[in-house]
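Just below is one structure, and these are the notes that go with it.
The values are calculated or read from the model by the stated rules, or taken from the named source; none is laboratory data. Please read all numbers here as calculations on a predicted model, not as lab measurements. Cβ placement follows ideal geometry from the backbone for every residue including glycine, while neighbour counts extend to all protein chains displayed. SASA here: full protein model, heavy atoms, side chains in, ligands and nucleic acids out. Shrake-Rupley method; radii C 1.70, N 1.55, O 1.52, S 1.80 Å.
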Amino acid sequence: MAEKKGRVFSGARPTGRQHLGNYLGAIQNYVALQDDYHTVYCVVDVHALTTVETTAELSSNTREMALDWLAAGIDPQKSIVFVQSHVPEVMELHTYLSMVTPLGKLTALPTFKEKVRENPNNVNYGLVGYPVLMSADILLYKADTVPVGTDQIPHLEFAREVVRSFNHRYQTDVLVEPQAKVTKIPKVLGIDGERKMSKSLNNHIELAATPEATEKRVMSMVTDPQRIRRSDPGNPDICNVFTLHKIFSSPEEVESINRDCRKAEIGCVDCKRKLAANLNDHLAPFRARREKLAKDPDVVRDVLLDGAGRAKVIAAETMAEVRQAIGFFDSGE
Ligand code: SF4
């Protein structure tokens, strides 16, 4: 087996059942990286606390998301898959990193300002420190590679600056500056054809939905807004249905839709039906695996606990080095 290139870390908030946007934007990439890197994938449930109003669904959302990850091909033999709160060392590292992070830098971040706009009544201390905790996630596992979309490059640059500040302050090289692995992450629009696919906007298509429910969602997708009547020629270039055809349909089908839509030789109803059928075919193996995994109530728990155990080994090593670098009194234990 070829030697792996380094360690990848990536985390995602527990949002429950995953949708097509999550699948195309992250999960597929997670699966692809497993063979070339030591991969560490984390359900970042502590991050979720910065904005949630209730934690009633936190546990079930974690389980449902992990189920989707496993069914989609994230392999616990190849990857460490775990839950952030199960390795509390990350909170300790977060505290130490916060001491080398100027407050003004955090409050000036566009993502912080955006969060304040979204949650004006809940601007909490954790929200300000969010990027520090995110840096701690990466640095605790000494990940040298972090898959990011171009919009996330500033977040990674922040983590790199934290490393430089920490290492400089304590005259150490214990923390590793992670490199961005810029991944072409497609912006998957929701069924409204306008905004990014998102559960909170209810414009998503759930991976684990039934074929019937999937078809219903696809049939409600917004198409080329200029195409009012069946006899109007359409423009596939501005149609989200066509974007998904390019991912889930055969090159021949894509070519014929591209041609026939422009001449009004295919209607949107037929076009969407084709997409729903191809999407359901694509997701059938995932759904079968998920159903099988879901029947065993222990499987997700076992994978996540085993992953936490493996993550803790790395975390403990890093934290021993970090504490020593800071210069705490060594009890000798
Ligand atoms: Fe979009 Fe297909 Fe309708 Fe053309 S025929 S506008 S590609 S849904």
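Some notes on this structure:
- Unmet requirement for Pro211, which otherwise passes all of (1) surrounded by 14 or more Cβ atoms within 10 Å (Cβ to Cβ); (2) within 11 Å of the ligand (Cβ to nearest atom): (2)
- Hey, Glu3 within 27 Å of Val313 (Cα to Cα), at pLDDT 95 or above, of a type in the set (Asp, Glu) and surrounded by fewer than 16 Cβ atoms within 10 Å (Cβ to Cβ) or not: no
- Failed item, numbered, when Lys181 is tested on (1) outside any loop (DSSP other than H, G, I, E, B); (2) away from the ligand (no atom under 14 Å from the Cβ); (3) free of Cβ contacts under 8 Å to residues at least 40 places away in the same chain: (3)
- Qualifying residue in segment 318-329 (condition: of a type in the set (Phe, Trp, Tyr), out of contact with any Phe, Trp or Tyr (no Cβ under 8 Å at 6 or more places or on another chain) and surrounded by 16 or more Cβ atoms within 10 Å (Cβ to Cβ)): no
A quick yes/no check of all residues on (1) more than 25 Å from Leu279 (Cβ to Cβ); (2) touching a residue at least 60 places away in the same chain (Cβ under 8 Å):
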| site | (1), (2) |
| --- | --- |
| Lys4 | yes, no |
| Val44 | yes, yes |
| Leu67 | no, yes |
| Ser85 | yes, no |
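- When every residue of segment 48-60 is checked against the conditions, none turns out to be touching a strand residue (DSSP E or B) at 6+ places or on another chain (Cβ under 9 Å) and assigned by TED's automatic domain parsing to the domain that holds Glu177.
- Subset of segment 66-84 [closer than 21 Å to Lys312 by Cβ and either open to solvent by less than 10 Å² (accessible area, probe 1.4 Å) or modelled with pLDDT under 95 (or both)]: Ala66, Trp69, Ile74, Ser79, Val81, Phe82, Val83, Gln84
- Of everything listed in (1) within 8 Å of the ligand (Cβ to nearest atom); (2) touching a residue at least 60 places away in the same chain (Cβ under 8 Å), the single unmet condition for Val241 is (2).
- Per-region count, segment 220-233, residues within 7 Å of the ligand (Cβ to nearest atom) and either modelled with pLDDT under 95 or out of contact with any helix residue (DSSP H, G or I) (no Cβ under 8 Å at 6 or more places or on another chain) (or both): 2
- Among residues of segment 95-107, those that are open to solvent by 60 Å² or more (accessible area, probe 1.4 Å) and part of a loop (DSSP other than H, G, I, E, B), counted: 2
- Flag for Pro297 being at pLDDT below 95, away from the ligand (no atom under 11 Å from the Cβ) and either surrounded by fewer than 19 Cβ atoms within 10 Å (Cβ to Cβ) or not charged (D, E, K, R) (or both): yes
- Conditions (1) open to solvent by 80 Å² or more (accessible area, probe 1.4 Å); (2) at pLDDT 95 or above; (3) farther than 26 Å from Asp137 by Cβ; number of the one not met by Ala288: (1)
- Scanning segment 257-272 for residues that are open to solvent by less than 30 Å² (accessible area, probe 1.4 Å), closer than 25 Å to Pro211 by Cβ and more than 8 Å from the ligand (Cβ to nearest atom) turns up nothing.
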